[in-house]
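Before any comments, here is the structure.
Taken together, the values in this text are just the output of simple stated rules run on the coordinates, not laboratory data. Because the structure is a prediction, the values reported are computed rather than measured. Reconstructed Cβ throughout: ideal geometry from the backbone, glycine too, with neighbour counts over all protein chains shown.
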């Protein structure tokens with residue numbers, strides 16, 4: 001696996017520390033827009049929007065921001081990723097994890113016209129498929145494996161021994177994969193340890 005997972009972006013952690021979330025999103029979008037084939041820039045923007053939407057109610061500095069702007073960017077990234085990075089392990093494991101955790105972030109409520117929850121289930125299933133595809137495509141990739149063997153479906157069917165063993169192997173490598181001090185790197189170091 002390539003290290004680190006994310007591109008290093010000068011000034012990003014400062015924007016986050018100053019709670020300038022819109023400035024961070026705009027910076028990341030601009031950088032990605034200049035080089036759309038860069039998976040590292042793509043993952044930065046994709047995960048930044050996802051993280052903030054997940055933490056919207058508790059993260060400081062979201063008052064006055066546009067939820068729609070962050071969700072629109074997340075949905076745009078998801079669509080682009082599914083079209084252009086659908087074989088990239090990094091997109092598959094990270095996208096699969098993020099989608100299966102909070103499927104409702106990846107579609108607009110108004111599209112779920114009958115309010116049946118069908119879109120939620122569709123996106124949850126998509127996230128699980130992506131995680132499984134990443135783990136099967138590259139079985140020695142510990143990040144991909146962790147998010148697959150840690151899934152509800154896998155643990156329910158197989159127990160959590162493989163998850164715990166994978167986590168044990170991954171922990172010493174987390175600083176290499178997520179060496180920076182941005183919010184998403186801190187998040188993944190915490191979640192994976």
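Working from label points 7 Å from Cα in the Cα-to-Cβ sense, the residue 3 to residue 102 distance is 2.9 nm. Please list, in order, the residues from region 67-106 whose amide nitrogen is less than 15 Å from a point placed 7 Å along the Cα→Cβ vector of residue 120. It comes to 100-106, nothing else.
Dividing the helix sum by the residues of the chain, where each DSSP H run of 4 or more adds -39500 (n - 2.57), gives a mean residue ellipticity at 222 nm of -20000 deg cm²/dmol.
With springs only between Cα atoms under 10 Å apart, run a GNM on the chain and tell me which of 90, 136, 44 wobbles the most. Looking only at 90, 136, 44, the biggest GNM fluctuation is shown by 136. Taking 162, 48, 40 in turn, the Gaussian network model of the chain (Cα-Cα springs below 10 Å) assigns the largest fluctuation to 162. Along each principal axis, taking the top coordinate minus the bottom one, the Cα set of region 80-193 gives 47, 34, 24 Å in descending order.
For the chain, with a Gaussian network of springs between Cα atoms less than 10 Å apart, report the residue from 30, 47, 151 with the top mean-square fluctuation. Between 30, 47, 151, it is 30 that shows the largest mean-square fluctuation. Measuring from a point 7 Å past the Cα of residue 17 along Cα-to-C-beta, which residues in region 164-186 have an amide N at less than 12 Å? Residues passing the 12 Å test: 181-183. Its relative contact order, with pairs defined as Cα atoms under 8 Å and 6+ residues apart, puts region 12-191 at 18 percent.
How would you rank 175-181, 94-100, 61-67, 50-56, highest first, on the average number of other Cβ atoms within 10 Å across their residues? Walk me through the numbers before you get to the answer.
Values: 175-181: 15.1, 94-100: 24.3, 61-67: 11.6, 50-56: 19.6.
Listed from highest to lowest mean packing, they are 94-100, 50-56, 175-181, 61-67.
Segment residue 69..residue 189, full-extension length gain: 40.5 nm, with 0.36 nm per residue of separation and the alpha-carbon distance subtracted. Given that just one value was derived from the coordinates, which of [x] 120; [y] 85; [z] 203 is volume of the Cα convex hull per residue in Å³? It is the one labelled [x].
The shape of region 132-193 can be summarised by an equivalent ellipsoid whose semi-axes, obtained from the alpha carbon gyration tensor, come to 21, 12, 11 Å from longest to shortest. Here each label is just a point 7 Å from Cα along the line to Cβ, and for residue 54 and residue 158 those points are 2.2 nm apart.
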